[in-house]
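Data first, discussion second: the structure below is written as structure tokens.
The values are calculated or read from the model by the stated rules, or taken from the named source; none is laboratory data. In this text, all values refer to a predicted model and were calculated from it rather than measured experimentally. Don't worry about glycine lacking a Cβ; one is built from the backbone with ideal geometry, like all the others, and counts go over all protein chains shown. The accessibility values were calculated without ligands, DNA or RNA, using every heavy atom of the protein model including side chains. Shrake-Rupley method; radii C 1.70, N 1.55, O 1.52, S 1.80 Å.
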Amino acid sequence: MHNYILSNNKNLYTNFSRREFLFLLLSLPFINSFKNKNLELSIKLKEIIGNKGVIVLSKIKTGEIIGCSDINQAKQKHTIGSLAKLIDSTALLEEGLITTEDTYYCKGHDNFNGQKIYCWNYNGHGLMNIQSALSESCNLFFLNASKRISPVDLLKYYDIYKLNESNQNKNKNNTTSFKKLAHTSKKNITLGLDKNLKLSSIQLIGLVNTIANKGNNLPISERTMTIVQNGMIASGQTGTANLLYKTGLNVAAKTGTAPSKSDKTHGWCIGFCPIKKPEISFCVFIKEGTGFSNAVPVAGKTLKLCKTLNYL
């Protein structure tokens, strides 16, 4: 709007009262200060991550993107790895197939469909429930729990979260249901490894905002959203994203790692801050690396920057 004001003052003056016109002109520095502040944030985000990936920041209440290191990269889709466990948890809870009382003992390996599968923690996580499994990103807990749910019922929650919508067009006629992937490996769906199960940083920011807002009027119970939130809170304190605790901020987060090119992996860290009254959501994508080792430290630097610039 401010560009229109600057270039069309004469037209505005004829269409607005003198008082309204003067108010708009006096508002320009205020409007531009917000624009400049967000631009400064985006520039500094680019300085943090360079060409290693992308960082996106959003206001949780409005969904407004307030900072992005590279908007084109933010629209690119990638396999999500263990971020899928947020959707897994929602599906299992909403379908009534699991509660916080259900436990599984992770000893580091187990059989899945006759195949020996290892958890990322070869030593095992010990006794897990759904919240601690989210916190520690326990592969075996979710593979074991997924035996209770059909691929169709699991994938439909991607649609319920509206993750089937494109980045640029939210017209219902331009959406593609993830349920078409139901014939593929349930293991790869559960762990977010299916090459066709891809999301962008922009879409993941929307997922975080929905969880932080406990559903955003979606047909998901507040109880389920609370359990998922608690898993993310634990991750940011003692789990796979525990390095964020050193920022001095209360952060809820989830990490993810997925195969990339040949023997490489890419990493994710998404979340929101602060915990009690969420204000900022973030998504960090690292082209080569892991969620824990590479994306989490970048998320920490990002949140420190937000605090310095008074976004938190």
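The table below lists the values:
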item	result
Under 5 Å, built H, 5+ apart or other chain: amide partners of Asn250	Ile275
Degrees between helix 222-237 axis and first principal axis of the chain (Cα, 0 to 90, nearest 10)	90 degrees
4 °C / 1.567 mPa s Stokes-Einstein diffusion coefficient of region 176-312, Kirkwood radius on C-alpha pairs, µm²/s	83 µm²/s
Rounded to 10°, Cα long-axis angle of helix 151-160 versus longest principal axis of the chain	10 degrees
Dipole moment magnitude, nearest 20 debye, the chain about Cα centre, only Lys, Arg, Asp, Glu C-beta charged	700 debye
Region 242-296 - Rg over Rh from alpha carbon coordinates, Kirkwood radius	1.06
Net charge, Ile80 excluded, C-beta distance under 12 Å - Lys, Arg +1, Asp, Glu -1	+3
GNM top mover of Ile205, Ile98, Ile60 - the chain, alpha-carbon springs below 10 Å	Ile98
Built amide H within the under 5 Å cut-off of Thr265, gap 5+	Ser260, Gly289
Heavy-atom accessible surface of region 53-124: percent carbon and sulfur, 1.4 Å	43 percent
Cα Rg, Dmax (largest Cα-Cα span) when computed across region 75-139, Å	13.0, 39
Values of log10 I(q)/I(0), in the order q = 0.09, 0.12, 0.13 Å⁻¹, for the chain under a Debye, Cα-only, solvent-free model	-0.47, -0.78, -0.90
In degrees, nearest ten, helix 296-308 long axis to first principal axis of the chain (Cα)	30 degrees
Filtered trypsin sites (Lys or Arg not before Pro), region 231-306: DSSP coil and at most 14 other beta carbons within 10 Å	Lys261, Lys264, Lys276
Solvent-accessible area per residue, Å², over the chain with all protein chains present [probe radius 1.4 Å]	49 Å²
Choice from Asn164, Asn121, Asn111 with maximal GNM fluctuation in the chain (Cα, 10 Å cutoff)	Asn111
q = 0.28, 0.31 Å⁻¹: log10 I(q)/I(0) that the Debye formula gives for region 192-238, counting C-alpha atoms only	-1.00, -1.03
Amide hydrogen neighbours beyond the local backbone of Tyr105, cut-off 5 Å, H modeled	Met128
Signed unit charges on C-beta, dipole axis of the chain, positive-most listed residue Asn310, Asn123, Val298	Asn310
